[in-house]
Amino acid sequence: MATTYAKAEKAARAAQAAEAAEAAEAAETGSASESADAGRYAARLRHVSKSFAGPGGEQLVLDDIDLDVAPGEFVTLLGASGCGKSTLLNLVAGLDRPSAGSLTTDGRPALMFQEHALFPWLTAGKNIELALRLRGVPASERRARVEELLALVRLHGAYGKRVHELSGGMRQRVAMARALAQDSRLLLMDEPFAALDAITRDTLHDELTRIWQETGLSVLFVTHNVREAVRLAQRVVLLSSRPGRVAREWTVDIPQPRRVEDAPVAELSLQITEVLRGEIRRHG
Amino acid sequence: MADTETTTATRPTRGAEQGSVEAGLDALEVPATSRPPLRQTVVHKILPPLIAVALVLVVWQALISLKIVDDPAKLPSPADVGREFENAWLEGRLLGYIWTSVSRGLLGFLLALAIGTPLGLLVARVKFVRAAVKPVLSGLQSLPSVAWVPPAVIWLGLDNSMMYAVILLGAVPSIAGGLVSGIDQVPPLFLRAGRTMGATGLRGAWHIVLPAALPGYLAGLKQGWAFSWRSLMAAEIIASSPDLGIGLGALLENGRNASSMAMVFEAILLILFVGVAVDLLVFSPLERRVLRGRGLLVKG
C-alpha cells in the first residue's frame, strides 16, 4: 500500500519537475509568467521584512530576506534565538503577513510544530482524516488514504490510538502523517524534533529523510541545532539575529543516508558553528 | 580502506535495523494503560462513601438511644424517618413528589441549556457582546438565585413559569460562563494547526474550537444543573400553592407547617438524593468519558 502511494507520488513529482524544467526554459527565453514561477519554486521570498510593534516602537524582526526553495529541495534555516526563524515560517505558512516584500508559495504549505499539535479529542487516525476532510477528500476514500499515510510513517495499526496513548516520537510521526495528508508541495517544520530525546530524534531524522526521498516534497526546516541542519539538508541557510538577515548559505553535498556522527557531517557542522558563534558574539 | 568497508557493510542493513529500533522505541515508550480490576474499584471508590453513610446513621441513632437529644420534634429517630418513607411509598406519593420536582428541574435545565449555549457562543466570539454581557454573567453567578423568587412571584404569579424563571436565572449564567471559559482556554496552538489545515471561520469553530472547549462546557453544565436544582428547591420552599402540586420543596414546607420533623428529614434526604443521583448518573460519567478520551483524567 505504502509503496504504491509513494510511487504514484513520485510519478506526480517527476511530472512536476518536467514542468518546472520547461518553465525554467521559458524563463530563459524571457517569457516567464507568474504561474510558471509558481511551479518553479516551492517558495520564493523577495526582500521580505517583518516588524512588530514593541515597547520601544517598531521592532524589525526580519530584514530584507531573499530565499528560494526549489521543488523537491530540502532547506534548513539555522539561527540563534531571536533570529526570527519562527516568524519567517509563520509568514511562509500564511499565518501572518510580511510588512514589506513579496512572498509566493506553490499552494498552501503544511506546517509541523515543535509540539505535536494533535487534537486530543480525536484518535491518531481521525486526526489525519480531519486534514483530508478539510481539503475535500470524499469520505469513501479517506480511510484507505489514512492507512497509507500511517504505513508511510511506520505506524500500522495506530488508527484507533488516542494521542495520550502514544509516545513523543509516535506523536510526531502522526503529526507528520497529518501534515502529509494536506498534500501540500511544501512542508514547513518548526523545530519539530527539539523536544525529543536523542535516540528518538535520530530515528525520526532517518524517517524524515526517507519520506522526503519517497515523496519528493520540498521541505523548509527550522532548527537551532547545527548538526541536525547538516544531517538533513541539501542547503543550510544561516540567519543572523536581531534583525534576522540571511548571513550565509552552505550547500551540503554529503550523500544520504547520513548520520550526525559521520565525519563530513561533523566537519561541516563545526565550520558552520564557528560562523554562528561569530554571529552571536556580535551581540555580546 | 577499512573505513569504506565498514560503511558499505553497515549502510545497506540500516533501513531494516532502523525500523526495528523504532519499533522497540515505540513499544518501550507507550504508556501502559489498563482499567483497574473490579475489586479495586469496589474497595477504593464504593466502600468509603458507604462507610461514611453508615457512620452518620450510627451517630444519629446513638444521639437518640443515649437520649442526648430527647425531643422527636427536634430530631426524629432514623426509624421514624424510615417509616415516613415507607408510608409515602405505600400510599404511592413518594414517586409523585420526586417526579414533580425532577420534571420541573430537568425541563428548566434543558431550557437553560438552549439559552445558555448560544449566549455563551456570542459572548465568547463577539467583542461587543463580551464587553457588555460578561461582567453581568459573572455577577449573576455569585448572586444566590433565591433572591429572584420574590420578584418572580410578583411578575409571573404563583405558577410553573415562575419556577422556570428562577431556574433559568440560576443556571444560564453557569452554562454560558462554562462555555466562554472553555473557548477562552483553547490552546492557540490548536487554532494555528487548524488554520494551516484550512479550518477557518465556521469550519474552524465546528472542527476545532467547539471540541476543544468541550471540557469547560461540561463543567459549566454540571454546575448549571447544581444551580438549577438549588434554585428550584428555594422556589418550591418559598412559593407554595395548591396549583403547583407537591414537589420536594413543598413537602419540606408542609412538614414544617405540620411540625413533622420526620417529614422535613424525608424531604431533605430526597432533595440530596436527587441532586447526587443526577450528578452520578448523568454528568460525572459524561465528564469522565470526555476527560479519559483526552488523557486528562488523573488516576487516584
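What follows draws every value from the coordinates through simple rules; no lab data is involved. The model shown is predicted, which means the values in this text are computed figures rather than measured ones. Here the Cβ positions follow ideal geometry from the backbone for every residue, glycine too, while neighbour counts run over all protein chains shown.
Hey, what do the phi angles of segment B:235-241 turn into as Karplus ³J(HN,Hα) couplings, whole Hz, using 6.51/-1.76/1.60 and θ = phi - 60°, x for Gly and Pro?
My calculation for segment B:235-241 gives 5, 5, 5, 6, 9, 10, 7 Hz in order.
May I have the pair-distance distribution P(r) for segment B:165-241, computed from all Cα-Cα distances with 10 Å bins from 0 and rounded to whole percent?
Histogram of Cα-Cα distances, whole percents per bin: 20, 34, 22, 14, 7, 2, 0.
To check you understand DSSP bridge types, tell me what percent of the beta bridges within the protein assembly as shown (both residues inside) are antiparallel, rounded to 5. Write out the running numbers ahead of the final one.
Values: 20 of 38 bridges.
Within the protein assembly as shown, antiparallel bridges account for around 55 percent of the total.
Under the Karplus relation 6.51 cos²θ - 1.76 cosθ + 1.60, θ = phi - 60°, what is the ordered set of whole-Hz ³J(HN,Hα) values for segment A:42-53, x standing for Gly and Pro?
Per residue, the Karplus-derived 3J(HN,Hα) values read 6, 8, 9, 10, 10, 6, 7, 10, 9, 10, 10, 6 Hz.
Across segment A:59-70, in residue order, what do the Karplus-derived ³J(HN,Hα) couplings come to in whole Hz, using 6.51 cos²θ - 1.76 cosθ + 1.60 with θ = phi - 60° and x for Gly and Pro?
Result, rounded to whole Hz: 10, 7, 9, 10, 10, 6, 8, 10, 7, 10, 10, 7.
Chain B: longest stretch without exposed trypsin sites (Lys or Arg not before Pro) (DSSP loop, at most 13 other Cβ within 10 Å), sites themselves excluded?
B:94-298
Let's test the formula: R0 of 45 Å, r as the Cβ-Cβ distance of A:Gln59 and B:Leu291. What FRET efficiency results, to the nearest 0.05?
Here the calculated transfer efficiency is 0.65.
What is the spin-label model distance, in nm, from A:Tyr159 to A:Asp96 if the labels are put 7 Å beyond Cα along the C-beta direction?
Output for this residue pair reads 4.0 nm.
Check A:Ile65: other-chain or 5+ apart residues with amide H under 5 Å from its amide H, H built from backbone geometry?
Residues meeting the amide H criterion: A:His47, A:Val48, A:Ser49.
Working out 0.36 nm times the residue gap between B:Ile68 and B:Ser103, then minus their Cα-Cα distance, what length gain in nm do you get to one decimal? Mind dumping the intermediate values first?
On the way: separation 35, 0.36 × 35 = 12.60 nm, distance 4.02 nm.
Taking B:Ile68 through B:Ser103 to full extension adds about 8.6 nm, to one decimal.
Tell me the mean residue ellipticity at 222 nm calculated for the protein assembly as shown from its helices only (DSSP H runs of n ≥ 4, each -39500 (n - 2.57), averaged over every residue, nearest 500).
Value at 222 nm, helices only: -19500 deg cm²/dmol.
How high is the relative contact order of chain A, given as a whole-number percent (alpha carbon pairs under 8 Å, six or more residues apart)?
Relative contact order comes out at 24 percent.
Debye sum, Cα scatterers, segment A:134-284, no solvent: what log₁₀ I/I(0) at q = 0.12, 0.13, 0.14, 0.18 1/Å?
-0.59, -0.68, -0.77, -1.12
Under 8 Å for C-alpha pairs, at least 6 residues apart: give me the relative contact order for segment B:88-293, rounded to a whole percent.
It rounds to 25 percent for segment B:88-293.
With only alpha-carbon atoms in the gyration tensor, what are the semi-axes of the equivalent ellipsoid for the protein assembly as shown, in Å, largest first? Provide the component values of the computation, followed by the final result.
On the way: eigenvalues 830, 162, 91 Å².
Semi-axis lengths for the protein assembly as shown are 64, 28, 21 Å.
How high is the relative contact order of segment A:103-198? Use alpha-carbon pairs under 8 Å, at least six apart in sequence, and give a whole percent.
The normalised contact order for segment A:103-198 reaches 49 percent.
Once you place label points 7 Å from the Cα toward the Cβ at A:His283 and B:Val58, how far apart are they in nm?
That separation, rounded to one decimal, is 6.8 nm.
Identify, among A:Thr209, B:Met197, B:Pro211, the residue whose Cα sits farthest towards the positive end of the charge dipole of the protein assembly as shown, taking +1 on the Cβ of Lys and Arg and -1 on the Cβ of Asp and Glu, with the dipole about the Cα centre.
About the Cα centre, the residue reaching furthest to the positive side is B:Pro211.
Tilt of helix A:198-215 relative to the longest C-alpha principal axis of chain A, in degrees (0 to 90, nearest 10)?
It is inclined by approximately 80 degrees.
What is the distance in Å between the Cα centroid of segment A:70-117 and that of segment A:200-266?
Here the answer is 15 Å between Cα centres.
Could you size up the charge dipole of chain B around its Cα centre, putting +1 on the beta carbon of Lys and Arg and -1 on that of Asp and Glu, and report it in debye to the nearest 20?
Dipole magnitude for chain B comes out near 840 debye.
Averaged across the residues of A:111-121, what count of C-beta atoms belonging to other chains lies within 10 Å of each residue's C-beta?
If you average over the peptide's residues, the count of other-chain Cβ atoms is 5.
Label chain B by shape, choosing from rounded, prolate and oblate, from the square roots a ≥ b ≥ c of the eigenvalues of the Cα gyration tensor; if a/c is under 1.5 it is rounded, and otherwise prolate applies when a/b is larger than b/c, oblate when it is not. Could the numbers behind the result be given before it?
Details: a/c = 3.95, a/b = 1.71, b/c = 2.31.
Here chain B falls in the oblate category.
Residues with amide H under 5 Å of A:Leu239's amide H, sequence separation 5 or more or different chain, H placed in the peptide plane at 1.01 Å from N; which?
Sorted by chain and number, the residues that satisfy this are A:Leu78, A:Gly79, A:Ala247.
How many partner chain Cβ atoms sit within 10 Å of a residue's Cβ in peptide B:188-196, on average, as a whole number?
Partner Cβ neighbours, averaged per residue: 6.
By how many degrees, 0 to 90 and rounded to 10, does the Cα axis of helix A:168-181 deviate from the longest principal axis of chain A?
90 degrees
Once the Cα atoms of helix B:47-65 and of chain B are each reduced to a long axis, what angle between those two axes, in degrees from 0 to 90 to the nearest 10, is obtained?
Relative to chain B, helix B:47-65 is tipped by roughly 20 degrees.
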